[in-house]
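Student: Once you've had a glance at the structure underneath, I'll fire off some questions.
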Amino acid sequence: MKIQSKIAAWNREFEEFMILKNLSPRTIKTYCQILRYFLNDYEQHYAPKPLNDDVARAYLIRRYQQGLDWQTVNSDYSAIQKFFKNVLLKPWSVQKIPYTSRKTKKLPHSISTRCDKDNRTRCQYQAAGFVAHDGVTRRIE
């Protein structure tokens, strides 16, 4: 069987598995896209070698080293793990790359856009769950 037909069959099987598991349409779409990227990478760099967890490990490490957000690599990990365990029926021994934050966290967009330099203190209180009115600060309940 040619590699392209194998990949097409794997994609189909993976999508059907997720439908039967009753995953949300958004999750199915995202995981199928992740699997397509992974299998394209496999085809370009590893085929005709067997698809195993060493290939998956190398792919995930490369994604992490590209500087992608840890959430992206974590989604990649989850999708590929499901594929290996439930479609290929192969063991999975890839350890997750531990999350390490290299960036400072920002306020959510909805709060930070309302806050300007003049209202910074008021906005900091709001973000912490307090409201100031007429000089009295109260906890928002």
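Student: Over 19 Å between Cα atoms: which of Lys21/Lys82; Lys29/Lys90; Lys29/Lys49; Lys2/Lys49 fall into that group?
Tutor: The pairs that break the limit, which is 19 Å between Cα atoms, are Lys29/Lys90; Lys29/Lys49.
Student: Then there is this: Please give, to one decimal in nm, the separation of the simple spin-label points placed at Ala47 and Gln81, each 7 Å out from Cα toward the Cβ.
Tutor: Going by the 7 Å Cα→Cβ label model, 2.7 nm.
Student: Here's another thing I want to ask about it. Fully extended, how many nm does the chain gain between Arg26 and Gln95 (0.36 nm per residue separation, minus their Cα-Cα distance)?
Tutor: 22.3 nm
Student: Would you please give the FRET efficiency between Arg57 and Asn11, computed as 1/(1 + (r/R0)^6) with r the Cβ-Cβ distance and R0 = 25 Å, to the nearest 0.05?
Tutor: For Arg57 and Asn11, the calculated efficiency is 0.75.
Student: Work the Kirkwood hydrodynamic radius out for segment 1-65: mean of 1/r over every pair of different alpha-carbon atoms, inverted, in Å.
Tutor: The Cα-based Kirkwood calculation yields 12.7 Å.
Computed from the coordinates by the stated procedures, all read-outs in this text should not be read as laboratory data. Predicted model only: the values in this text are computed from it and were never measured. Glycine gets a Cβ as well: all are built from the backbone with ideal geometry, and neighbour counts include every protein chain shown.
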